[in-house]
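The values are calculated or read from the model by the stated rules, or taken from the named source; none is laboratory data. Quick caveat, the model's predicted, so the values are computed rather than measured. A quick note on method: Cβ atoms are made from the backbone with ideal geometry, for glycine too, and the neighbour counts reach across all protein chains shown. These area figures cover heavy atoms from the full protein model, side chains too; ligands, DNA and RNA do not enter into them. Shrake-Rupley method; radii C 1.70, N 1.55, O 1.52, S 1.80 Å.
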Amino acid sequence: PYVLAGIPNLALNPNDATAFGVLGSLEAIADSRFGGVKGTSLVVHGLGNVGNTVARELLAAGATVYVYDILPGRAAELPGAIDLANKLSGNSTLAWASTLPEHDIFVPCSKSSLIDVENALALPAKAICGSANI
């Protein structure tokens, strides 16, 4: 069900095409390293057009999904997701990764250049896979 190169296809939402491409990659990582998506813990950073779909589908697959977005209402649209807004708000941009809970996969879907060397070293995740340019 994963569709790539959706931009030239006017019948397909390119955001959903990107989201399902990310989901295919996440499924492959979860299958090979954690025994499947169900029971895997992920942090989805950014709940825009792509991140929202990714988080929603991961929840439906039985994953534990922590979410963060700068717009507080977005997390409320995802029943079952664990909102990290209170945990991350007020932290300096440089120290955000060290405040995250332990998790299996970090899923950046917010902005480019989110992960620098300092945050990569502090990130409590075993893998990184997302839609944002790292």
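Worth pointing out:
- Taking the conditions (1) within 12 Å of the chain's Cα centre (by Cα); (2) farther than 17 Å from Lys38 by Cα in turn, Asp83 satisfies each one other than (1).
- For Tyr68: the one exception among (1) open to solvent by less than 50 Å² (accessible area, probe 1.4 Å); (2) over 18 Å from Val50 (Cβ atoms): (2)
- From the options Ala17, Ala63, residue that is in contact (Cβ under 8 Å) with a residue 24 or more places away in the chain and open to solvent by less than 20 Å² (accessible area, probe 1.4 Å): Ala63
- For Lys87, the conditions (1) farther than 18 Å from Ala132 by Cβ; (2) modelled with pLDDT of 85 or more; (3) among the basic types (Lys, Arg) are fulfilled apart from (2).
So that you can scan it fast, the table gives a plain yes or no per residue for (1) assigned to a loop (DSSP other than H, G, I, E, B); (2) at pLDDT below 90:
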position	(1), (2)
Asn91	yes, yes
Pro101	yes, no
Val107	no, no
Leu114	yes, yes
Glu118	no, yes
Gly130	yes, yes
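- Taken over the range 32-58, residues that are open to solvent by 40 Å² or more (accessible area, probe 1.4 Å), at pLDDT 95 or above and of a type outside the set (Asp, Glu) amount to 7.
- For the criterion of being in contact (Cβ under 8 Å) with a residue 60 or more places away in the chain, surrounded by fewer than 20 Cβ atoms within 10 Å (Cβ to Cβ) and of a type in the set (Val, Ile, Thr), Ile29 passes.
- Just so you know, in the range 90-115 the residues that are closer than 17 Å to Ser131 by Cβ and out of contact with any Gly (no Cβ under 8 Å at 6 or more places or on another chain) include one that is most open to solvent (accessible area, probe 1.4 Å), and it is Ser113.
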